[in-house]
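Written below as structure tokens is the structure these notes are about.
The values are calculated or read from the model by the stated rules, or taken from the named source; none is laboratory data. Here the structure is a predicted model, which means the values were calculated and not measured. FYI the Cβ positions are ideal-geometry reconstructions off the backbone, even for glycines, and counts take in every protein chain you see.
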Amino acid sequence: MAWSADDEEDSVMTDPTVVVRSVRVRYRSPSSDAAAMRAVSPAKRAFLRATGQQPKVTVDALKGVSLVARAGESIGILGRNGSGKSTLLRIIAGLETPLAGNVMARSTPVLLGVNAALVPDLPGERNVILGCLAMGLSKAQARELLPEVVELAGIGKAIYRPMKTYSSGMGSRLRFAIAAAANPDILLIDEALSTGDAAFKERSERKMAELRKAAGTVFIVSHAAQTIEEMCSRAVWLMEGEIIGDGPGPEIAHDYRWWSWNITKNEFAKADEILARCRQKWAPREPVIADPDMYKRAPRHAY
Ligand SMILES: Nc1ncnc2c1ncn2[C@@H]1O[C@H](COP(=O)(O)OP(=O)(O)OP(=O)(O)O)[C@@H](O)[C@H]1O
């Protein structure tokens, strides 16, 4: 089902694959900022200094994010560095628990991350088997998929070399091929697709179209508005942990690109205008699910 702002069904969403409701994620991180040290009590400051520690500060990575993904959608997640894109993917993958809110998924999402559990000392082909096993496939299924993964990754004879000898682009391509070959219902991709050449791009687009056709959902994180524009039916623009806009891929990517361009040119008033327009036109909506039983069937996180 294509995304449509005018779609009456938008308020009651049918066929959801992933539901993210009011998710907040907060990190506590040590900080060398002198102001952070000044903010703690004198006793605590003395303790931290004596033990060589730094005070902790709070980072609100996601500040109440809601979205519903539906079967057949490819959803791009756009935003500047530190806007919360990877955090959102990790939350959807169930790798982190939110401070508040919850995430439901129709099936276990497969996250293709830069830290996918592969072994740098082993050749690419051995890592394909390991990756498939990690996604729950049997050894026989993994062996069967090997040629398809090798073809999709398209890294030639490098497949026989240890992964630690790969360029970052080659590594990303192999990880994408491993994750996609298992035909997951929900595939989460963090920045892999911008690293390939034209042939890889075409193959990966074809694979993603296949997954979507099988009524799956693909999430793609990218800084590159063009990747989102070309590959995603829908896009979510994140800024400082909040959704600025959630709408058709090309339109959101266009707004994001214009906003970024104006920021680069120090045209802050124009950038603010684009932001305000996008917020107004493509504001995220609180999910209302046609089948509330889904929450009972597939709880991933509890309040
Ligand atoms: N483990 C962590 N501990 C503390 N802070 C974190 C942690 N992980 C992420 N953050 C902070 O949360 C915020 C969002 O980070 P996130 O990695 O989700 O951003 P991003 O949009 O994916 O960035 P990038 O485009 O640079 O990959 C950032 O301010 C980041 O510093």
(message) Among the residues in the stretch 35-50, are any over 25 Å from E251 (Cβ atoms), polar (S, T, N, Q) and assigned to a loop (DSSP other than H, G, I, E, B)?
(response) yes
(request) Report whether or not I263 is within 18 Å of the chain's Cα centre (by Cα), modelled with pLDDT of 80 or more and on the phi < 0 side of the Ramachandran plot. (result) no
(request) Given the conditions (1) modelled with pLDDT under 90; (2) outside any strand (DSSP E or B), report the number of the one that G82 does not fulfil. (result) (1)
(message) Take the residues in the stretch 51-60 that are in a strand (DSSP E or B) and touching an Asp or Glu at 6+ places or on another chain (Cβ under 9 Å); name whichever of them is nearest to G241 (Cα to Cα).
(response) D60
(message) If G136 meets every condition in (1) within 16 Å of the ligand (Cβ to nearest atom); (2) on the phi > 0 side of the Ramachandran plot apart from one, which number is that one?
(response) (1)
(message) Could you go through the stretch 24-38 and let me know if any residue there is more than 14 Å from the ligand (Cβ to nearest atom), surrounded by fewer than 18 Cβ atoms within 10 Å (Cβ to Cβ), within 22 Å of V103 (Cβ to Cβ) and within 19 Å of the chain's Cα centre (by Cα).
(response) no
(request) Check I244, I178, I252, I228 and return the single one that is over 30 Å from L133 (Cβ atoms) and at pLDDT below 90. (result) I228
(request) Scan the stretch 221-241 for residues that are hydrophobic (A, V, I, L, M, F, W, C), more than 12 Å from the ligand (Cβ to nearest atom) and not in a strand (DSSP E or B) and jot them down. (result) A225, I228, M231, C232
(request) Out of L99, L88, report the one residue that is modelled with pLDDT of 90 or more and away from the ligand (no atom under 12 Å from the Cβ). (result) L99
(request) Hey, can you tell me all the residues within the stretch 32-44 that are under 29 Å from E240 (Cα atoms) and out of contact with any Pro (no Cβ under 6 Å at 6 or more places or on another chain)? (result) S32, D33, A34, A35, R38, A39, S41
(message) All but one of (1) within 18 Å of A253 (Cβ to Cβ); (2) among the charged types (D, E, K, R); (3) surrounded by fewer than 19 Cβ atoms within 10 Å (Cβ to Cβ); (4) more than 16 Å from the ligand (Cβ to nearest atom) hold for R80; state the number of the condition that does not hold.
(response) (4)
(message) Considering only the stretch 109-132, I want to know if a residue exists there that is within 16 Å of the ligand (Cβ to nearest atom) and at pLDDT 90 or above.
(response) no
(message) Exactly one of these conditions fails for V65: (1) at positive phi; (2) within 13 Å of the ligand (Cβ to nearest atom). Give me its number.
(response) (1)
(request) Output yes when any residue across the stretch 199-215 is buried (at least 20 other Cβ atoms within 10 Å of the Cβ) and either within 16 Å of the ligand (Cβ to nearest atom) or more than 20 Å from G72 (Cα to Cα) (or both), and no when none is. (result) yes
